[in-house]
Structure formats: structure tokens, C-alpha cells
1. Is there a residue in segment 4-13 that is over 21 Å from residue 144 (Cβ atoms), modelled with pLDDT of 90 or more and part of a strand (DSSP E or B)?
2. Is it the case, given these coordinates, that residue 252 is assigned to a helix (DSSP H, G or I), open to solvent by less than 80 Å² (accessible area, probe 1.4 Å) and either of a type in the set (Gly, Ala, Ser) or at pLDDT 80 or above (or both)?
3. Identify all residues within segment 89-113 that are part of a loop (DSSP other than H, G, I, E, B), open to solvent by less than 100 Å² (accessible area, probe 1.4 Å) and closer than 19 Å to residue 207 by Cα; write none if there are none.
4. Tally the residues that are within 18 Å of residue 265 (Cα to Cα) and open to solvent by 10 Å² or more (accessible area, probe 1.4 Å), restricting the search to segment 114-138.
5. Just to be sure I understand the filter: pairs with C-beta atoms under 9 Å, separated by 6 or more residues or on different chains, first member in segment 117-132 and under 15 Å from residue 103 (Cα atoms) and acidic (Asp, Glu), second member modelled with pLDDT of 95 or more and open to solvent by 40 Å² or more (accessible area, probe 1.4 Å). Which pairs pass?
Amino acid sequence: MHSIEIPEAGVKNYVPEDLSECNTVQYINICNLLYKHAIGKISLETFKEQSIYFLANMKLKKNTDDDVKYANVSMLSSLIDSFFEIDAHDQKVIKQYFIHNPIEKVRGNFINFYGPSNEFNNVSFGEYVDALSHFYDFIETQDEQFLYLLFATFYREKRTTLYSAGNFKKDKRVPYNPERVELLAKQFKTQNKGVIYGFYMLFTSFQKYLTTAKIWVQGKEIDLELLYKDLPKTKRTPESNLPGIGMKSILYTIAASGIFGPLKEVRETSLWEILIRMYDIRKTDFDTLLTNNSN
């Protein structure tokens, strides 16, 4: 957190250093500004100025000297630089190193809709595979319709369970149903853009996390980076230049193996359970290659 104090502006506050430190209200508002910047509606400098005004809860007094006002705004807006980093292509990009969900629920017309838990622990593999399609379609086309479809893939109401006479409780989200996604996407068009784009930012951050994630399985640490490593080239039969189908291919391959049951059951299996299985398959591929090379 940044600590700031401007007596003439009546400002004494703490400001998040990046998206991961924002509370829900801050996160939604900053993501709304990020979306405006992404579509060219506001400049980077305007984004920084409006962000600092909101995050610092700044309300400059009417009799504040203009030179002092602009100097303070300029100085403070530079704090928003900590929200960014330089990527491998020397481009300034927003920092995305968080996998907790800052937007746990949103209010619909009549009911609340709930998103995935932290680390996407309550997400099925089918849910994730479908979401990837919307995610990459948005990156390719920049059509905001895919943002709504991505959001609608994960956000849905919770089911109500009767535990005892007269004691009702809403617990888990209703199961994922791909046939409802388009209808829900239409409903979510009334949501604040900061909510919709904010979830896209979370999903992007989660994707980045998966490429370096280290998790513990039965007392052993495994590195999911292995899933994204190419096998060393050998004299095996050359592959075609035809495009693959990514995670859908994994979905069909695992379903064909029958280890988790038919396709429907594979889709309903926990994302993390499938990722662990994918790691096991990938490790076997590398082990087999090492064995063949040593013979």
C-alpha cells in the first residue's frame, strides 16, 4: 500500500499498489477505467488521474490554488505506475498476479449470481474449456460480447437446500449448464463494465498463474510449468502444420481413455483434478523420451 497525505486537499489515506491489493469496490472501479483505456476512450494519463482521485478519495477544496492542485494530482497519479510493469516486448502492461476473486457475487435483476471461488477451486473442466473459447475469441476480435459470455460461463445462482424443517440455506452454485450461457450473457449486459472486464482481468491472471503454478499432491510439490513445455525434438514421425484444438483435444483424449468416465463426466470433473492428470501424462511423456534416448 502507498501512504499519502495532502493537508490542503484534506487527503490522508492508503492507496493500493496494484490490482491485487484492491478491495471489491476499488477493483470494479479501476477495472472500469482500465476498460475505457483499453478501448481508447481515455488516455493512460487520464486513467492514472481518475484512478488516484478515486483511490485516494480526493475532494480538493474550491479555494485550492490551481497550480497546487495540478501539482498534487500529477505527483499522486505517478503512484498508479506501480499498477503496471514492462513485459517481454517492452510494453507497459497491467500487473496481474492474483488468483483470488475480488468479485465474489453480483446482483442481478432479482437474485445474486456467484462466481468461482479463489484459485477456481469450484470450477469444472468443461466450464474451464468453454471459458477458454470465449477468452481467446475476445483476444482475437475484441468483441465485448465474448466478455459477457466469459462472465456468464462462471457466474450463476446458488441452489437452496433444506437442511431441517423451515431451515433453508443457499450453499453451492447450481451446476454449470452451457445451454444457459447465452441467455445469462444477455442479462449481464446491464452490469457495470468494471464487473465484466474485471472478471476478464482475473481470468487472464489465472491463465498466467497456471504456467508457473506449483501445487502439492500427496506430499510432493509438482510444477505445472511442465504442461507448457515442448518435448525435445526427435526423429519421430513429423507432425502436420494443421492447427490443434488446445484444451478441447485434452478433453476428448481424457474422455477416450475412460479414466474419468465418458465425455459428460470428464466435463463435470474438477478442473484441478484434470490438471493433475495432465501433469501425470506429461511427466510420462518426458520419462518415456528419456528412456528411449538412453537405449
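1. Keep residues of segment 4-13 that are over 21 Å from residue 144 (Cβ atoms), which gives 4-13.
From what's left, modelled with pLDDT of 90 or more: none.
Checked segment 4-13: no residue is over 21 Å from residue 144 (Cβ atoms), modelled with pLDDT of 90 or more and part of a strand (DSSP E or B).
2. Working: assigned to a helix (DSSP H, G or I): yes; open to solvent by less than 80 Å² (accessible area, probe 1.4 Å): no; either of a type in the set (Gly, Ala, Ser) or at pLDDT 80 or above (or both): yes.
So residue 252 does not fit the description; no.
3. Pass one, segment 89-113, residues part of a loop (DSSP other than H, G, I, E, B): 89-91, 95-104, 108-111.
Retained after the next criterion (residues that are open to solvent by less than 100 Å² (accessible area, probe 1.4 Å)): 95-96, 98-103, 108, 111.
Within segment 89-113, 95, 96, 98, 99, 100, 101, 102, 103 meet the criteria.
4. As a first pass, look at segment 114-138 and keep what is within 18 Å of residue 265 (Cα to Cα): 121-131.
Right, trim to open to solvent by 10 Å² or more (accessible area, probe 1.4 Å) and you get 121-122, 124, 130.
Number of matching residues: 4.
5. 119/100
The values are calculated or read from the model by the stated rules, or taken from the named source; none is laboratory data. Please read all numbers here as calculations on a predicted model, not as lab measurements. When we count neighbours, we look across all protein chains shown, and the Cβ atoms used for this are built from the backbone with ideal geometry, even at glycine. In case anyone asks, the SASA skips ligands and DNA or RNA and just uses the protein heavy atoms, side chains included. Shrake-Rupley method; radii C 1.70, N 1.55, O 1.52, S 1.80 Å.
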